[in-house]
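A.B. asks: Below is one structure. I have some questions about it.
The values are calculated or read from the model by the stated rules, or taken from the named source; none is laboratory data. Note that the structure is a prediction, hence the values are computed from the model and not measured. Cβ placement follows ideal geometry from the backbone for every residue including glycine, while neighbour counts extend to all protein chains displayed.
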């Protein structure tokens, strides 16, 4: 089966990656975007492009964690302020 690549090994591995979307283990857009950057039958290209994608995801996950922490801190401060005004 051909899925972007003529090389059946690459197509199969891409299909495996895309199948993880069902379990929230991958994003189909990221899989396809990464696949289109990979040179046909080039294992080094495969490795490098997936590594770049992984690093991008980790970077954005860390940014998201920081955003969540800021939102939690904001809610905590709002809650604390509201509690303080209860005893007026």
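A.B. asks: What tally of residues in region 1-12 results from selecting those that are at pLDDT 90 or above and touching a helix residue (DSSP H, G or I) at 6+ places or on another chain (Cβ under 8 Å)?
C.D. replies: Residues meeting the conditions: 3.
A.B. asks: Could you give me the residue pairs with C-beta distances under 9 Å whose first residue belongs to region 7-18 and is farther than 15 Å from residue 47 by Cα, whose second residue is at pLDDT 90 or above and assigned to a helix (DSSP H, G or I) wherever it lies, and which are 6+ apart or on separate chains?
C.D. replies: Pairs that qualify, where the first residue is farther than 15 Å from residue 47 by Cα and the partner is at pLDDT 90 or above and assigned to a helix (DSSP H, G or I), are 18/28; 18/31; 18/32; 18/35.
A.B. asks: Could you please tell me which pairs satisfy a Cβ distance under 8 Å, a separation of 6+ or placement on different chains, a first residue in region 55-66 that is at negative phi and in contact (Cβ under 8 Å) with a residue 24 or more places away in the chain, and a second residue that is assigned to a helix (DSSP H, G or I) and surrounded by 10 or more Cβ atoms within 10 Å (Cβ to Cβ)?
C.D. replies: What qualifies is 57/30.
A.B. asks: Now for a different question. Kindly provide the set of residues from region 1-60 that are within 12 Å of the chain's Cα centre (by Cα), exposed (fewer than 11 other Cβ atoms within 10 Å of the Cβ) and assigned to a helix (DSSP H, G or I), ordered by number.
C.D. replies: 29, 55, 58, 59, 60
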